[in-house]
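Heads up: the structure comes next, in structure tokens.
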């Protein structure tokens, strides 16, 4: 559906889960893909983030998919700070490090928010807070950077079968409850998110910026 030949896409968190699926889709569409995830990139390390983008000839697309979750432990302040550092500050570090090159290519950013951007997460206060902040960061950067031709959007995934949600998938009671709450009655797959990300980066979405697009099997509509 998309041809990104000659383009470069940087995908943080690109070595597993949602990020890996997005990176694979960009590669299939002809883009050069920089899949930056642990241990190749720690998004809490500003120097490492700056060095990554400084070493790239061009950046057309940035997908911020790096994220962590620490169920139940996030009420401990050091853990709360760690989750915010990865999920929110890590996204901002990458956006700022990539900005100059994105302006040169009039490129696009896609941040990975969550349905917990809109719903409370009683077991994950830091994760929910960070993802809520991602929504507002996305809107703020979209407005701030539009004049430079940089579009900034976000996707808000629902319950996706990844290593991050493995413990929930493995819990028959919890998994059944989540599936029941989701109108489409199943877990989503990482590869089902990738076409939306590619669309948001494509010329087909040239008038879209500041949008937060749910992709959650109807969870947020129910």
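Rule-based calculations on the coordinates, nothing more; no lab input. All values reported here derive from a predicted model rather than from experimental measurement. As a convention, Cβ positions derive from the backbone with ideal geometry for all residues, glycine included, and neighbour counts pool all protein chains shown.
The order of the peptides 75-82, 188-195 by mean Cβ neighbours within 10 Å, most packed first, is 188-195, 75-82. In this calculation the C-beta distance from residue 206 to residue 70 is compared with R0 = 35 Å, giving a FRET efficiency of 0.35. Computed from the coordinates I sent, Cα Rg over 2.2 N^0.38 Å equals one of (i) 0.97; (ii) 1.22; (iii) 1.02. Tell me the label. Among (i) 0.97; (ii) 1.22; (iii) 1.02, the one derived from this structure is (i). For the options 97, 156, 147, a Gaussian network treatment of the chain with springs between C-alpha atoms closer than 10 Å singles out 147 as fluctuating the most. The slack in the chain from residue 27 to residue 50, taken as 0.36 nm per residue of separation less the alpha-carbon distance, amounts to 5.9 nm.
Residue 85 to residue 3: FRET efficiency via 1/(1 + (r/R0)^6), r the Cβ-Cβ distance, R0 35 Å, to the nearest 0.05?
Working: r = 37 Å, r/R0 = 1.05.
Efficiency, rounded to the nearest 0.05: 0.45.
Taking 55, 90, 120 in turn, the Gaussian network model of the chain (Cα-Cα springs below 10 Å) assigns the largest fluctuation to 55.
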